[in-house]
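Peer 1: Dropping the structure in here first, questions after.
The values are calculated or read from the model by the stated rules, or taken from the named source; none is laboratory data. Since we're looking at a predicted model, the values are computed, not measured. Positions of Cβ are generated from backbone atoms using ideal geometry, with glycine treated the same way; all protein chains shown enter the neighbour counts. All accessible areas refer to the heavy atoms of the entire protein, side chains included, with ligands and DNA or RNA removed. Shrake-Rupley method; radii C 1.70, N 1.55, O 1.52, S 1.80 Å.
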Amino acid sequence: MASKSESQVQGKAEAAPPGEIETLLGEVLEGLSPEISSARGAVSVKVPPDRLKEAAERLKAAGFDHVKAVTGIDRPDSGEIELVYHVSSYLDPRLSKWIVALRTTLPRDNPETPSLYDVWPSVKYHEMEQREMLGIHFSGHPDPRSLLLPESYEGVPPLRKDFKVKVEGINA
Amino acid sequence: MSEEEHVLELLIGPQHPASGHMRLVAKVDGDVVVSLRPDIGYVHRTVEKLAETKNYIQIIPLIERPPLADTANHNLGYVLALERLLGIEAPPRAQWLRTLLAEMTRIHSHFYGLGIHGIMLGSSTAFMWAFWDREIMIELAQRLTGARLTYSYMIPGGVRRDLPPGFEDEMDKALRYLERRIPDYHKIFFDNPVTRARLEGVGVLRREDAIRLGIVGPNLRASGVPYDVRKVDPYCAYPELDFNVVTREEGDSLARMMVRVGEIRESINMIRQILKKMPDGPILEERYLKMIPPKWKEWMAQHRRIKLPAALISLRPPKGEAVARVEAARGEAVYYIVSDGSPKPYRFRVVSPSIRNVVLFEHLIRNCRVADIPAIYGSLDYFPPEADR
Amino acid sequence: MVCGISGSMWLGDLERTARKAARWLVERTPIRSLRDWGIAFSLWPVHFTTACCGAEFAAASAPRFDAERFGFLPFVAPRQCNLMLIEGTLTKKMADAAIWVYEQMPEPKFVIAMGACAIDGGIFWNSYNIVRPKDILPVEVFIPGCPPRPEAVARAVIKLQKRIRRGEAIGLKV
Amino acid sequence: MMGLLEWILDLLLSPWLFVPLIYPGLISAFAVLLFIIWFERKLAAKVQLRYGPLYVLKRLGGAIQLVADLLRYLFAEPIVPDQADRLAFIFGPILLFASSYIAAIAIPISYDFYAFRSEISLLVVLGLNTLAPAFNLVIGWGSNNKFGLIGGLREGFLITADEIPMFVSALAMAVLYGTMDLVRMVELQSEWLWGIALNPLAAVTFFVLMLLSTSRFPFEIVEAESEIVMGPFTEYSGILYGLTMGASYVKLYVLSLLFAILFLGGWEPLPPLEFPGSWLILPGAVLFLKALVIMCLSVFMRAVYPRYRIDQALRLAWHYLFPASILSVFLSLLVLSGWSI
């Protein structure tokens, strides 16, 4: 079903045939032990945390010129925080049809990763947001302020799973 | 005297006629802004966290609140992501109806931005006219959906209502009126020598900077990048519509405003095409349609709307994740859902266009005059609740 | 009186006395009703958008609904206004600003809370970052709706006008 | 008893009291204030497809809206911020208002009714008019608010930019008429043509500078609300704010009277009517109506134009209006030589 909707959507815009983007990513990220998978129209590349920056640099060189979203996913069961950069391209029409999820996992108790601000300046506010929402430390990020929460906010970062909010009785 | 000593720090907002729901911390040297830092988060209502506590269908109204002037496009983005996750697809008529509402919303959202830009430059007439013409699209959207702004019109697998009787004629009248109005705006606002003087060459965003900073929407297109999700990754009925991506090369405040005006024209054309080519058929996906008890069928046909099937209330998408993007009025909106198979999303990420454009404040409002702050701010069509979520 | 020669001793607390006298004068019926009439038809809300209801608030003063008919003119700085509209959700960060703005407004001043969020959180009722306006400000009129229609804003203004002219408004009693 | 009334009437009708106090002085200034702000709001509303103030008095289209606003200001708490300079803060608006209307005393209402007639009454009006902006500076400084300070400084920049060309373009008319006596100017205009026909350049320049110096659109720079809130008046509340807001309108009123006298023939032509008091009422009314038309035209600009940036306004004043005012002097000479031939 899912593939049907994709092919219908992309069929009209001379999409790159499925598989091409994976091959391309495989070539670009050769040697960084990437795990490439695609599902539901999104391609995702998983790299080890220490290879993240290098992978980003290579992707940038390959034409992925901006980041659409930076998302941290807290997974307390496995003790990890998954960090996803959704990257794409404005200029290269072949790449801009795709949103590539560049992902890595960080340890939950000390999530630290180099900031990709040097590679993609467009991550600036996204990384700030993930920092305060999930407590991920982006080393080398130029702006140490908090973004959305009040300066005085203390406690568990709100998007961690152990930060509980009230829920409606009927669903609880 | 050191550099710091003759710099005055101006706190603009959150209570300021032109700050909106945010604070701009401007360092001013005489009449020149040395640097400006946006302080956002004044409308941070934790949509992403609350979404984790809500059923998938309950998230639709939730994500409509932050981008209040541009609800339908965001609703659409979320529903597309959810449909990808569920592996369903809306029937053709529903797709066209979605496109129709999305374009109507784009028109009134652009008028909203235009009006706010007008009042920031001091032209109360531009504000009032834009808000008047905006009401026309709002009124028609209200006939279609039942609400002024928060439509919750698109649901997974389709839309809530069909076209009301007589809608095409009303819309035709409205479109002809709007087309007549745009020259009036040119007379009083766009071609006004004062507007020109205030906007031309002010806040120039160069092409490479726009790409580097990941700017979206009309702000990007005004810098000469023809990136529009409706063309690049077409969704709904856009592949079958004939429209141009409006771009300008200058990248200044005037260009950003004129791109919006151009998009209003394009949307008017698109709505005409949509109403002409709209296919017949059901407005809800078959599998949900089957779940509706037969006794409601007649009621649905009579009222030209659907009864929400119970299955939608506790949707349980399979484990996995989906990402969808739409071209909302202010730019590209990205919706990212991670599901763990439960009725509530495991992680829900909204990247609204405004949060991606917020970087422009510190980039553009630098080495310009104090009076340029509202001129540039208005041209960005930045809506703080949308950025803060 | 004999031993105190300082100015305040001779004059008394001039300012307080003057204020008391002024208040006494204002409380007399003809002046009072004149004042209340003036206030009722000159409700100027301060330009303080707290959340997304601001879009509908703007529509309320725009041509189709034209709240200026009631003498309702959104104005720029708190010092010149006498009405504060909480336009939707009040986040914690914004609540500080809201109290500041309210404190800066001259008396008599009134507060209208607009939108379900401003009543009890609305759709964001369980958000960790919101404040209920009724906890921090003396709200005169609540406007339900999410977002309320511009007509509802106009209705709230009329209601507040009536309350003021009847002398029931909280803002008059402070 | 009758004697007392007559004595009071006589006293009031004596030009030394009537001119500063009633017309064109304080009371008429207040009346104009109440009217013109309502008119401005109503006119803007008309252009903007709205009603504007209405329900306060529906039969007259909300004409007493400003009375309601005034009452509210009157009874609002006047706040003096702790950090403000108390003296400057309180007396600034009063002096601003006073200095805005003080120039009215030198304006004659008819050939034989004026507070004083002088060979240089034009200079007196122009000179007294330049007082007001200084108090804007005082207010901006005294209220100790950053926006107020910026607004005050903007006023400081604009003083020179608008007053000098304004002087020159007014003096161009003095060159033309060969006198600085306002009464004589009206006399001459009734013999020749109206000033606006003789020297349109000076009239246009003067009108634009009038907008600039009273901060009407498109030059509403000192209190540009989307930039610096209310400029110098940001911290003012209650009746003190009412005074600051009224001051610019009163200044506009005085300048409109001057414009009517300089360019529109003053109180000429008089309608041929006779009734008790017509010697005073008729010329006064004609002059008043002309001034009112000018004022309405200036407030109408709000509905048409956005506002200029300060550097653009200064450039406009120095690069275009100042040369234009100089040119208008030459134009006056040209017209004069043409006339004598």
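Peer 1: So, in region B:207-219, of the ones that are within 12 Å of chain A (Cβ to nearest Cβ) and in a helix (DSSP H, G or I), which residue ends up nearest to residue A:92 (Cα to Cα)?
Peer 2: B:211
Peer 1: Okay, moving on. Which one is most open to solvent (accessible area, probe 1.4 Å) among residues in region D:224-258 that are among the acidic types (Asp, Glu) and over 17 Å from residue D:41 (Cα atoms)?
Peer 2: D:235
Peer 1: For region C:36-61, give me the residue count where each residue is in contact (Cβ under 8 Å) with a residue 40 or more places away in the chain, open to solvent by less than 10 Å² (accessible area, probe 1.4 Å), closer than 20 Å to residue D:55 by Cα and within 7 Å of another protein chain (Cβ to nearest Cβ).
Peer 2: Count: 3.
Peer 1: Report yes if some residue within region C:19-40 is modelled with pLDDT of 85 or more, out of contact with any strand residue (DSSP E or B) (no Cβ under 8 Å at 6 or more places or on another chain), polar (S, T, N, Q) and under 21 Å from residue C:158 (Cα atoms); otherwise report no.
Peer 2: Checked region C:19-40: no residue is modelled with pLDDT of 85 or more, out of contact with any strand residue (DSSP E or B) (no Cβ under 8 Å at 6 or more places or on another chain), polar (S, T, N, Q) and under 21 Å from residue C:158 (Cα atoms).
Peer 1: With D:8, D:90 as the choices, which residue is free of Cβ contacts under 8 Å to residues at least 24 places away in the same chain, more than 9 Å from every other protein chain (Cβ to nearest Cβ) and either surrounded by fewer than 17 Cβ atoms within 10 Å (Cβ to Cβ) or in contact with a strand residue (DSSP E or B) (Cβ under 8 Å, 6 or more places away or on another chain) (or both)? Before the answer, list the steps.
Peer 2: Details: D:90 fails: free of Cβ contacts under 8 Å to residues at least 24 places away in the same chain.
It is D:8.
Peer 1: Sort out which residues of region C:63-80 are crowded, with 24+ Cβ neighbours inside 10 Å and of a type in the set (Phe, Trp, Tyr), and write them in order of number.
Peer 2: Across region C:63-80, the qualifying residue is only C:72.
Peer 1: Inside region D:265-341, counting only helices (runs of 4 or more DSSP H) that do not spill past its ends, which hold 2 or more residues that are closer than 30 Å to residue D:9 by Cβ?
Peer 2: On the way: elements: D:278-304, D:310-315, D:322-340.
Those helices (runs of 4 or more DSSP H) span D:278-304.
Peer 1: From the list D:126, D:131, which residue is touching a Phe, Trp or Tyr at 6+ places or on another chain (Cβ under 8 Å) and among the hydrophobic types (A, V, I, L, M, F, W, C)?
Peer 2: Details: D:131 fails: touching a Phe, Trp or Tyr at 6+ places or on another chain (Cβ under 8 Å).
Within the list D:126, D:131, the selection yields D:126.
Peer 1: Hey, residue D:169 hits all of (1) under 18 Å from the mean Cα position of the chain (by Cα); (2) surrounded by fewer than 24 Cβ atoms within 10 Å (Cβ to Cβ) but one; which does it fall short on?
Peer 2: (2)
Peer 1: Within the set of pairs 6 or more residues apart or between chains, which connect a residue that is more than 7 Å from every other protein chain (Cβ to nearest Cβ) inside region D:44-57 to a residue that is assigned to a loop (DSSP other than H, G, I, E, B) with Cβ atoms less than 7 Å apart?
Peer 2: Here the result reads D:57/D:63; D:57/D:64, each pair linking region D:44-57 to a residue that is assigned to a loop (DSSP other than H, G, I, E, B).
Peer 1: So the check is Cβ under 6 Å with 6+ separation or different chains; which pairs have a first residue in region B:140-160 that's within 13 Å of chain C (Cβ to nearest Cβ) and a second one that's of a type in the set (Val, Ile, Thr)?
Peer 2: As it stands, the answer is B:148/B:138; B:149/B:71; B:150/B:71; B:151/B:71; B:151/B:145; B:152/B:60, since those pairs meet every condition given.
Peer 1: Only one of (1) within 8 Å of another protein chain (Cβ to nearest Cβ); (2) open to solvent by 30 Å² or more (accessible area, probe 1.4 Å) fails for residue A:148. Which number is that?
Peer 2: (2)
Peer 1: With the requirement that a residue be in a loop (DSSP other than H, G, I, E, B), surrounded by fewer than 23 Cβ atoms within 10 Å (Cβ to Cβ) and either modelled with pLDDT of 90 or more or within 10 Å of another protein chain (Cβ to nearest Cβ) (or both), what does region B:220-245 give you? Please lay out each step first, then the result.
Peer 2: Applying the first criterion (in a loop (DSSP other than H, G, I, E, B)) to region B:220-245 yields B:222-228, B:233-237, B:241-245.
Cutting the leftovers down to surrounded by fewer than 23 Cβ atoms within 10 Å (Cβ to Cβ) gives us B:224-226, B:234-235, B:241-245.
Selection gives B:225, B:226, B:234, B:235.
Peer 1: If you go through region A:112-140, how many residues are within 30 Å of residue C:90 (Cβ to Cβ) and either charged (D, E, K, R) or away from chain B (no Cβ under 12 Å) (or both)? Give the steps one after another, and end with the answer.
Peer 2: Of region A:112-140, the ones within 30 Å of residue C:90 (Cβ to Cβ) are A:124-136.
From the residues that got through so far, the ones that are either charged (D, E, K, R) or away from chain B (no Cβ under 12 Å) (or both) too are A:124, A:127, A:129, A:131-132, A:135-136.
Number satisfying all stated conditions: 7.
Peer 1: Something else: Restricted to region B:310-347, and to residues that are part of a loop (DSSP other than H, G, I, E, B) and in contact with a Gly (Cβ under 6 Å, 6 or more places away or on another chain), which residue is surrounded by the most Cβ atoms within 10 Å (Cβ to Cβ)? Spell out how you get there, then give the answer.
Peer 2: Initial filter on region B:310-347 (part of a loop (DSSP other than H, G, I, E, B)): B:314-319, B:329-330, B:340-346.
Those still in the list that are in contact with a Gly (Cβ under 6 Å, 6 or more places away or on another chain) too: B:319, B:330.
Numbers: B:319: 12, B:330: 32.
Restricting to residues being part of a loop (DSSP other than H, G, I, E, B) and in contact with a Gly (Cβ under 6 Å, 6 or more places away or on another chain), the top hit is B:330.
Peer 1: Are there any pairs with C-beta distances below 7 angstrom linking a residue in region D:12-33 that is without any contact (Cβ under 8 Å) to a residue 12 or more places away in the chain to a residue that is part of a helix (DSSP H, G or I) and buried (at least 18 other Cβ atoms within 10 Å of the Cβ), with the two at least 6 apart or on different chains, and if so which?
Peer 2: Listed pairs, sorted by first residue: D:12/D:18; D:22/D:28.
Peer 1: Condition first: under 17 Å from residue B:41 (Cα atoms) and hydrophobic (A, V, I, L, M, F, W, C). Now tell me which residues in region B:337-389 satisfy that.
Peer 2: B:350, B:351, B:355, B:358, B:359, B:360, B:361, B:383, B:387
Peer 1: Just one of B:163, B:175, B:121 is open to solvent by less than 20 Å² (accessible area, probe 1.4 Å) and at pLDDT 90 or above; which is it?
Peer 2: B:175
Peer 1: So, one more: Here are some conditions: (1) free of Cβ contacts under 8 Å to residues at least 12 places away in the same chain; (2) over 30 Å from residue D:37 (Cα atoms); (3) in a helix (DSSP H, G or I). Residue D:176 meets all but one. Which one does it not meet?
Peer 2: (1)
Peer 1: Against the condition open to solvent by 10 Å² or more (accessible area, probe 1.4 Å), within 18 Å of the chain's Cα centre (by Cα) and more than 9 Å from every other protein chain (Cβ to nearest Cβ), how does residue B:261 come out, does it pass? Quick ask: steps written out before the conclusion?
Peer 2: Numbers: open to solvent by 10 Å² or more (accessible area, probe 1.4 Å): no; within 18 Å of the chain's Cα centre (by Cα): yes; more than 9 Å from every other protein chain (Cβ to nearest Cβ): yes.
No, not satisfied.
Peer 1: Still on this structure, I have one more. Could you list, in sequence order, the residues of region D:255-276 that are aromatic (Phe, Trp, Tyr) and in contact (Cβ under 8 Å) with a residue 40 or more places away in the chain?
Peer 2: We begin by selecting, within region D:255-276, every residue aromatic (Phe, Trp, Tyr); these are D:259, D:263, D:267, D:275.
Within region D:255-276, D:259, D:263, D:267 meet the criteria.
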